[in-house]
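**Q** Input: one structure, supplied below.
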Amino acid sequence: MRHLMNPMDFSVEELDRLFDLAADIEKNPEKYAHKCTGKKLATCFYEPSTRTRLSFETAMLNLGGSVIGFSDAGSSSASKGESVSDTIRVISCFADICAMRHPKEGAPMVAASHSTIPVINAGDGGHQHPTQTLTDLLTIRSLKGRLDNFTIGICGDLKFGRTVHSLVNALSRYSGIRFVFISPEELRIPGYLREKLWDNALTFEEVIRLEDVMGKLDLLYMTRVQRERFFNEEDYVRLKDFYILNKDKMALAKPDCLILHPLPRVNEISVEVDKDPRAVYFKQVQYGVYVRMALILTLLDLA
Ligand code: CP
């Protein structure tokens, strides 16, 4: 039995197989429509979500399986003090696989260590968000045709952004990746990640102004400044609109520079950018369903 806690849990070769499967699912959805008949997915979300939870549920329904779960800790027995380890023992009696989101870093890992079914980390605090990374990688591979040799700008909340931490880790394994980290001083990438990049001799730079680097990017990954991770409202208010990608900034970008965003968006991408063919963040959501279908099949050994 296998869990997914971190994108690095899969080797590059395993990821290639997963993405090939996701691409086949996209082309031939009918082939997979009954693969999970009789199987149940539990979505245990202790923190709000629109995309990840509904994407997992859609994935399982598309595979012919069914879904149980809760979308709010307050409606689960966590509100009565039940531990994650007890909850997963119970969920293991009901479902075949579980996707868990939790505000505490490491909570899905605790669940996995007490589970008799595969557990997928659907986002844990500011730590990791591996299935968002699988979504991001599949989007890049599908739309750029490769996962190597590009310059990627990652902009916004690089300190608390779990999607950023997972993506940087995952992309670090591909050759010719040049990272440009764009953030205010207070939201720079964590020290451990910077050290890892140094240790692996990866190419990266850290800048504050998006305009200064826009023209050299093959991909721009925008992120939201996350109110829920800040310790005080004053800092959040000061930083929340630090970056706003608009038409003027898009005019500085390469003609084939793709704009990704894990979503939800607040103000960091102006809605006027949505019509630009380089803005692919809603396509990215669709790729999230294909890759989660492929992941469910893989972890249930039904691929
Ligand atoms: N990208 C993402 O995790 O979105 P949700 O918080 O809506 O699941």
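Since every read-out is calculated from the coordinates, none of them should be taken as a lab result. Predicted model, so just to flag it, every value in this text is computed and none were measured. Note: ideal-geometry Cβ built from the backbone for every residue, glycine included; neighbour counts use all protein chains shown.
**Q** If each DSSP helix of 4+ residues adds -39,500 (n - 2.57) and the sum is divided by the residues in the chain, what number results at 222 nm, nearest 500 deg cm²/dmol? Kindly include the intermediate steps, with their values, before the conclusion.
**A** Numbers: 10 runs with 110 residues, N = 303.
Rounded to the nearest 500, it is -11000 deg cm²/dmol.
**Q** Once each part is reduced to its C-alpha centroid, what is the distance from segment 47-119 to segment 131-175 in angstrom?
**A** 25
**Q** What residue among ALA122, ALA73, ALA23 has the largest mean-square fluctuation in a Gaussian network model of the chain, using Cα springs under 10 Å?
**A** Largest GNM mean-square fluctuation: ALA73.
**Q** A follow-up question, please. Given the pairs LYS80/LYS240; LYS144/LYS247; LYS31/LYS144; LYS159/LYS249; LYS40/LYS144, which span a C-alpha to C-alpha distance of over 28 angstrom in this model? Present the calculation step by step, with values, prior to reporting the outcome.
**A** On the way: LYS80/LYS240 35 Å; LYS144/LYS247 22 Å; LYS31/LYS144 26 Å; LYS159/LYS249 23 Å; LYS40/LYS144 34 Å.
Correct reply: LYS80/LYS240; LYS40/LYS144.
**Q** Oh, and also: Out of ASP218, ASP96, ASP276, any idea which swings most in a Gaussian network model of the chain, alpha carbons joined below 10 Å?
**A** With Cα springs under 10 Å in the chain, the top fluctuation among ASP218, ASP96, ASP276 is at ASP276.
**Q** While we're on this one: Based on the Cα atoms of the chain, what semi-axes does the equivalent ellipsoid have, where each is the square root of 5 times one gyration tensor eigenvalue, given in whole Å with the largest first?
**A** Values: eigenvalues 196, 102, 62 Å².
Each semi-axis is the square root of five times an eigenvalue, giving 31, 23, 18 Å.
**Q** Let me ask something else. Treating only the Cβ of Lys, Arg, Asp and Glu as charged (+1, +1, -1, -1), what charge dipole size does the chain show about its Cα centre? Round to the nearest 20 debye. Display every interim value, and only then the final one.
**A** Values: 38 positive and 40 negative charges, 100 e Å.
With only Lys, Arg, Asp and Glu charged at Cβ, the dipole is about 480 debye.
**Q** May I ask you to list the aspartates and glutamates whose Cα is less than 18 Å away from that of LYS275, ignoring any residue fewer than eight positions away on the same chain?
**A** ASP248, ASP256
**Q** Could you derive backbone 3J(HN,Hα) for segment 227-235 from the dihedral phi with the Karplus parameters 6.51, -1.76 and 1.60 (θ = phi - 60°), listing whole Hz in sequence and x where the residue is Gly or Pro?
**A** Running phi through 6.51 cos²θ - 1.76 cosθ + 1.60 with θ = phi - 60° gives 3, 5, 9, 7, 7, 9, 5, 4, 5 Hz.
**Q** Okay, moving on. Using the Kirkwood formula on the Cα atoms of segment 183-288, what hydrodynamic radius do you get, in angstrom to one decimal? It would help to have the intermediate numbers written out before the result.
**A** Details: mean 1/r = 0.0656 Å⁻¹.
Hydrodynamic radius (Kirkwood, Cα only) of segment 183-288 equals 15.3 Å.
**Q** Residue by residue through segment 71-76, which ³J(HN,Hα) values in whole Hz follow from phi under the Karplus form 6.51 cos²θ - 1.76 cosθ + 1.60 (θ = phi - 60°), with glycine and proline marked x?
**A** Those phi angles translate into 10, 7, 4, x, 9, 10 Hz.
**Q** Oh, and also: Need the list of aspartates and glutamates near LYS254 for cross-linking: C-alpha distance under 15 angstrom, and skip anything on the same chain fewer than eight residues off.
**A** Answer for LYS254, where 15 Å is the Cα cut-off: GLU211, ASP212, ASP218, ASP276, listed by chain and number.
**Q** Among THR151, THR223, THR163, whose mean-square fluctuation peaks in a Gaussian network model of the chain (Cα, cutoff 10 Å)?
**A** Ranking THR151, THR223, THR163 by mean-square fluctuation puts THR151 first.
**Q** Relative contact order, percent, of segment 160-287 when contacts are C-alpha pairs under 8 Å separated by at least 6 residues?
**A** In percent, rounded to a whole number, it is 23.
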